[in-house]
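Written below as structure tokens is the structure these notes are about.
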Amino acid sequence: MRKNKKSKVILLTILIVGVLLMSVAFAALSTTLTIRGTGLVDPVSWDIKFENLASVTLKGTAQETTAPTIKNYTEISEYAVVLKQPGDEVRYDFDVHNYGQVDAKIETLNVPTPVCSATASDEQQKIKDAEIVSNNLTYTLKYKSGEDLKVGDILKAGEVKSLVLTLKFEADELPSASVQISGLEITLTYSQSTGSTPIEPEIPEVDLSQKTSAWFGDSLMYGLGNTRSVTNAFGYEVPAGMPTYYRDLTNAELSKTYNCGVGGSTITNNTPNQNNANEKLTVEWAINHMKSLFGQSVTVNGENNTIPQGEDYDFVMLEGGGNDVLAYEMSTIDATYKKEIGTAEDTTTDTVVNDFRKVIQLAKETFPNAKLVFMNSGSLDRTALELIGIKSYFKDQTVEEINQTAGTNFANMEELRNAIYRDERYAEGFKELRDIIDTMEVRAQAMKSELPKVCRELGVDYLEMYNVIEANRPTDGSDTNTYLQADRIHITHEGYTAIAPSIVNKIKSIF
């Protein structure tokens, strides 16, 4: 396995927002806890999750009116509790589990001072009420052992640690009126532990050489721009795409491995093919087109083969999402066809998420005996999007070429990137580009959040594409990434070679 050059980070944010209503005879606390997280999700390298949220533990007269739930493995939210008197306590136990192959550590832990705003009519009483609450409201996040979390604490690869979140009010007196509480935001950041060497994943002993498969997606699946060329299972000379590198590692037969990737394809199901009015550039169209080819005879390298029927496929790999994030904003696809990403919970609105749900259902119907894997190519992080934006804006020029054209003197790509997106001297000149990147980032985050939910709902295995690629991102500020072509989007021969083991391991794991 190649050494990981990029420190991976997961951010877990604990946000407590509540209203404390108290009088001499009665105290009621209503609060919402949200633990939000973002991070690279890669089942073979980096994967930290919340899990095993236990039922609430109450002390005194405390009550829970709404129980929290874990969403997307990184969010605990939507709970409400009532504290009626001093000594009341609410406790939630849950685990943080490092499913990845690298050790993680707590990079930062920030616990701010709560802000209490009293509502008493008398100004002096307001101050007193606020002090009563702020001095006697305790909220902590500790290990189950009782130890405090500390910066530098290690969560080893494969390790589970139990955490306890406690909310408690104790005082000798009560405020005279309600008190608003805010500013109770705890930020907990996990990053890769320095010097941690990825653990080689255990590879299941599965022979894939005789498995029949179909691979659908966009230009990343197809292999656009790759310098290596091959003859595919349809008999055409094409760039080597993902299935070729899968075959390199598994000895899968060419006549059983069909690359159905179509450059420009989207999950969004209304994208037209401007070169052919009878086609659409969508994954849905590609599946239906493949269906029309079942049973047909093709000649490959002098041999006659028959394209298998749908029930004969062992697995189907679906890839997509990149064009749904990038293409509309970068004008490679008419923006009038763009849809909102949507949410997994909303199953009726015309969104990308619901188009994705239809793609999965169509694949299940077309290949009834096949196992399905989806690879998300739309979950790019901010840095990747900013670099793509620069490459698109400056037409793939190097930093040296940009300096020569613009009369600037940037030392490297990192310096140029920070100037364009963060230096206010360039804010007006690059406002349009900044706005485009902001929009793409929102869409990428939504894809990363919502598509895994649909996969879990429909029983489809899930994989992130760019984690392995971006792990090779240089840390010296240079503009070199051997895994990506000049546009920072399409994959090189080296990139496909690096991704292939993760793809093969994922496929083996489903059998």
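Considered as a group, the residues in the range 412-429 that are assigned to a helix (DSSP H, G or I) and touching a residue at least 40 places away in the same chain (Cβ under 8 Å) include one that is surrounded by the fewest Cβ atoms within 10 Å (Cβ to Cβ), and that residue is GLU415. If the condition is being surrounded by fewer than 23 Cβ atoms within 10 Å (Cβ to Cβ), aliphatic (A, V, I, L, M) and more than 22 Å from the chain's Cα centre (by Cα), then the range 352-389 contributes LEU362, ALA370. Determine whether GLY495 is at pLDDT 85 or above and buried (at least 20 other Cβ atoms within 10 Å of the Cβ). Considered against the rule, which asks whether it is at pLDDT 85 or above and buried (at least 20 other Cβ atoms within 10 Å of the Cβ), GLY495 comes out as yes. Would you be able to say whether some residue in the range 412-432 is at pLDDT 90 or above and under 18 Å from LEU318 (Cβ atoms)? No, every residue in the range 412-432 fails to be at pLDDT 90 or above and under 18 Å from LEU318 (Cβ atoms). If LEU385 satisfies every condition in (1) under 30 Å from GLU414 (Cβ atoms); (2) among the aliphatic types (A, V, I, L, M); (3) in contact with a Cys (Cβ under 9 Å, 6 or more places away or on another chain) but one, which is the exception? With (1) under 30 Å from GLU414 (Cβ atoms); (2) among the aliphatic types (A, V, I, L, M); (3) in contact with a Cys (Cβ under 9 Å, 6 or more places away or on another chain) applied to LEU385, the lone miss is (3). Taking each residue of the range 299-323 that is in the same structural domain as TYR246 (by TED's automatic domain parsing) and looking for partners that are among the basic types (Lys, Arg) with beta-carbon atoms closer than 8 Å, six or more apart or interchain, yields PRO308/LYS256; GLY310/LYS291; ASP314/LYS211; ASP314/LYS371; PHE315/LYS211; PHE315/LYS371; VAL316/LYS371.
The values are calculated or read from the model by the stated rules, or taken from the named source; none is laboratory data. Model, not experiment: these values are computed from the prediction. Note that we place each Cβ from the backbone using ideal geometry, even for glycine, and neighbour counts take in every protein chain shown.
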